[in-house]
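Enquirer: Sending over a structure as structure tokens; questions will come in a sec.
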Amino acid sequence: MSRGSTGMNRGSTGDDLGKPPLSPEERKPNQAWIFSSTETPRHMFQEYLSPEWQGIFNWTWTYRPTATIFVPYGIFLTKFIIPQKNYTDIFNRKTKWQCGS
């Protein structure tokens with residue numbers, strides 16, 4: 001981590017958040033720290049709950065709509081052509097069992 005950089009993106013995919021690379025005293029006051037992950041830090045990293053990480057990140061970059069940078073997993077599309085299914089035919093092709101005495 002460069003002390004002279006204007007931003008730091010801390011991305012991770014596992015339970016390896018570790019300790020902050022810079023202490024609050026070493027960090028430049030105008031430096032933006034961004035947490036990015038496909039999961040929220042609270043559900044992914046136990047270290048995130050430790051005092052060292054509290055108040056470190058300026059922005060978040062996750063799938064949550066409340067994130068500073070919202071990156072959804074996917075999108076919903078409207079289907080314009082509704083497939084026609086013959087449910088009677090589907091039912092007749094299924095294996096049927098009769099239970100009881």
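Enquirer: Tell me which strands (runs of 3 or more DSSP E) are completely within segment 1-98 and hold 2 or more residues being surrounded by 10 or more Cβ atoms within 10 Å (Cβ to Cβ) and at pLDDT below 70, or say none if there are none.
Expert: 7-11
Enquirer: Taking segment 55-69 only, how many residues are over 11 Å from the mean Cα position of the chain (by Cα) and either hydroxyl-bearing (Ser, Thr, Tyr) or under 15 Å from Arg27 (Cα atoms) (or both)?
Expert: Result for segment 55-69: 6.
Enquirer: Between a residue in segment 73-101 that is without any contact (Cβ under 8 Å) to a residue 40 or more places away in the chain and any residue that is part of a loop (DSSP other than H, G, I, E, B) and surrounded by 10 or more Cβ atoms within 10 Å (Cβ to Cβ), which pairs come within a Cβ distance under 7 Å, given they are 6 or more apart or on different chains?
Expert: Final answer for the pair search is Tyr73/Tyr63.
The values are calculated or read from the model by the stated rules, or taken from the named source; none is laboratory data. Predicted model, so just to flag it, every value in this text is computed and none were measured. Quick reminder, even Gly has a Cβ in these numbers, built from the backbone with ideal geometry, and neighbours come from all protein chains shown.
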